[in-house]
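The values are calculated or read from the model by the stated rules, or taken from the named source; none is laboratory data. Predicted, not measured: the structure shown is a model, and the values here were computed from it. Here the Cβ positions follow ideal geometry from the backbone for every residue, glycine too, while neighbour counts run over all protein chains shown.
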Amino acid sequence: MRKFIHSRWQRWVNRRIPRSDVQLLTQRNLFILPTAAGVVFGMLLLIMLITGINYQNSLIYLVTFLLGAVFVGAMHQTHRNLSGLELTLVQAGEGFAGDEILFRLRAAAGKDDAVAISLSGDDVSVRVGHVPSHQSVDVAFPVPSAFRGYLRPDQIRIETRFPFGLLKAWSWMRPHSAAVVFPRPLAAPEVISAVDDADEAASSRSPEGNDHAEIRPWREGDMSQRVMWKRFVRSGQMVVADWEADKGSPHWLDFNAFPGADHELRLSYLSWLVLERGKNGARFGLNLPGQVIEPDTGPAHVTRCLRALAIWGEEKPRDAFAEPHGTRSASDPAGRSAATSGVRS
C-alpha cells in the first residue's frame, strides 16, 4: 500500500514538474507544510485557545492571537522566499566513476529576496544562502556516481525554512541534461594492438598478393583497408585479409587487445591508457566496436576518447527515466546486447 501511494504521488509530481533545465518556481509547483517545530507550535496555540475559552482570560486570548498572527506571517514569508526563484542548469559535469560529478546551477531571484535557500538530493546538501532580488548566485551541486555512462539526478530539492523554522517551502528541479561519467581507470597490462595505421597498411602490403593472409568474412568494425575489394567486385563477397605477421600499430588503443577481459574491464584499461598517452603528449587513436577515433594529440582528443569510452553501448536517459549513480546498475550484465552485438572476438 505504501509503495502504491508513493508511486501515485511520484507520478503526480512528475506531471506537475516536467523535466527541464530551467525551473521557475510559482504557486503551481511550490509546496509548503509545517515542520515538526511548527506542528508543536500549532498544538500549543490550540491548547492556549482552549485554555483561554475555558477561563475567559483576555490575556491568554491576546497572546494566542498574536502568536497565531506570527505563524500566518511566517507562512507567507516562507512561501515568498521561493516564489519567483528561477533555477537553471548551466552545465552538467564530467568525471570518473566513483567520483562526485558537479552539476553547475544558477539561482536567480525574482522581485523578492530568496533567503536561506538550500539544495539537496541523494544524501547531498548544498547551502545556497541569500539570493538578493533580481540577482543570481552560481552553485556547484555534487551528484555521486558509481558506474560509467550517463548520469542525471531524478530530482534536486529546493527548500527554505526561513523565518523561524516553523514551516518549510520546497519544490523540485528535474534536469533534462545528463552528465557523462568516464570509466574508472585501471592500470592496463602490456598488450599489442591489432590495428594498423592506414598508410602503413596500404604501402607495405596488398591483400591480393599476400600468401600469408588468412581470409575471413567482414565483421562490423573492420577497417576498410583490409577489405579485398577486387574479390568483392568479382563475387560480391565481403571478405577481409588477416596477416599472420601483423603486430599492429603502437599509435592505436584497441578494444580487442585484451582477450579474456570483460567489456567493462577493457574500457577501464583503455581509460587508463588514454590518460597515460595524454600525459605524455603521445599521438594515439582509439578503436572501439562500431566506432574509430583517428590518431591525434591534445586535451581535446583525450576528452573525446574518454567520452566515447563512457557512452559506448549506452543510451541517453529517457525523459521519465533516471538511473541513480549512472546509466549502469549492479544488476546489469557485463555487456549489454546493444553493445555486444558489435564486439569482435
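Looking at the range 85-100, is at least one residue surrounded by 20 or more Cβ atoms within 10 Å (Cβ to Cβ), within 16 Å of THR26 (Cα to Cα) and under 20 Å from the mean Cα position of the chain (by Cα)? There is at least one residue in the range 85-100 that is surrounded by 20 or more Cβ atoms within 10 Å (Cβ to Cβ), within 16 Å of THR26 (Cα to Cα) and under 20 Å from the mean Cα position of the chain (by Cα).
Any residue at all in the range 52-62 that is hydrophobic (A, V, I, L, M, F, W, C) and under 22 Å from ARG161 (Cα atoms)? No, the range 52-62 contains no residue that is hydrophobic (A, V, I, L, M, F, W, C) and under 22 Å from ARG161 (Cα atoms). Among the residues making up the range 292-302, none is closer than 15 Å to GLY313 by Cα and surrounded by fewer than 14 Cβ atoms within 10 Å (Cβ to Cβ). Residue count for the range 146-187 under the criterion of being within 30 Å of GLU276 (Cβ to Cβ), among the hydrophobic types (A, V, I, L, M, F, W, C) and part of a loop (DSSP other than H, G, I, E, B): the result is 5. Kindly indicate whether GLY73 is without any contact (Cβ under 8 Å) to a residue 60 or more places away in the chain and either of a type in the set (Ser, Thr, Tyr) or touching a strand residue (DSSP E or B) at 6+ places or on another chain (Cβ under 9 Å) (or both). Criteria not met by GLY73.
Would you check if there is a residue in the range 305-328 being surrounded by 15 or more Cβ atoms within 10 Å (Cβ to Cβ), among the polar types (S, T, N, Q) and modelled with pLDDT of 95 or more? Checked the range 305-328: no residue is surrounded by 15 or more Cβ atoms within 10 Å (Cβ to Cβ), among the polar types (S, T, N, Q) and modelled with pLDDT of 95 or more. When the range 222-255 is examined, which residues are found to be at pLDDT 90 or above and in a helix (DSSP H, G or I)? Selection gives PHE255 alone.
Among the residues of the range 131-181, those that are more than 14 Å from ASN81 (Cβ to Cβ), polar (S, T, N, Q) and surrounded by fewer than 17 Cβ atoms within 10 Å (Cβ to Cβ) comprise GLN135, SER136, SER177.
When the range 108-126 is filtered for residues that are under 15 Å from LYS168 (Cβ atoms) and not hydrophobic (A, V, I, L, M, F, W, C), the ones remaining, listed by number, are SER118, SER120, SER125. Here ARG184, ARG219 are screened, and the one residue that is modelled with pLDDT of 85 or more, out of contact with any Leu (no Cβ under 8 Å at 6 or more places or on another chain) and among the basic types (Lys, Arg) is ARG184. It is to be established whether one or more residues within the range 193-204 are surrounded by 15 or more Cβ atoms within 10 Å (Cβ to Cβ), part of a loop (DSSP other than H, G, I, E, B) and at pLDDT 75 or above. Within the range 193-204, not a single residue is surrounded by 15 or more Cβ atoms within 10 Å (Cβ to Cβ), part of a loop (DSSP other than H, G, I, E, B) and at pLDDT 75 or above. Inside the range 71-84, residues that are surrounded by 15 or more Cβ atoms within 10 Å (Cβ to Cβ) and more than 40 Å from the chain's Cα centre (by Cα) make up a count of 1. Any residue that is in contact (Cβ under 8 Å) with a residue 40 or more places away in the chain, farther than 14 Å from PHE96 by Cα and of a type in the set (A, V, I, L, M, F, W, C) - is there at least one of those in the range 292-300? Looking through the range 292-300, at least one residue is in contact (Cβ under 8 Å) with a residue 40 or more places away in the chain, farther than 14 Å from PHE96 by Cα and of a type in the set (A, V, I, L, M, F, W, C).
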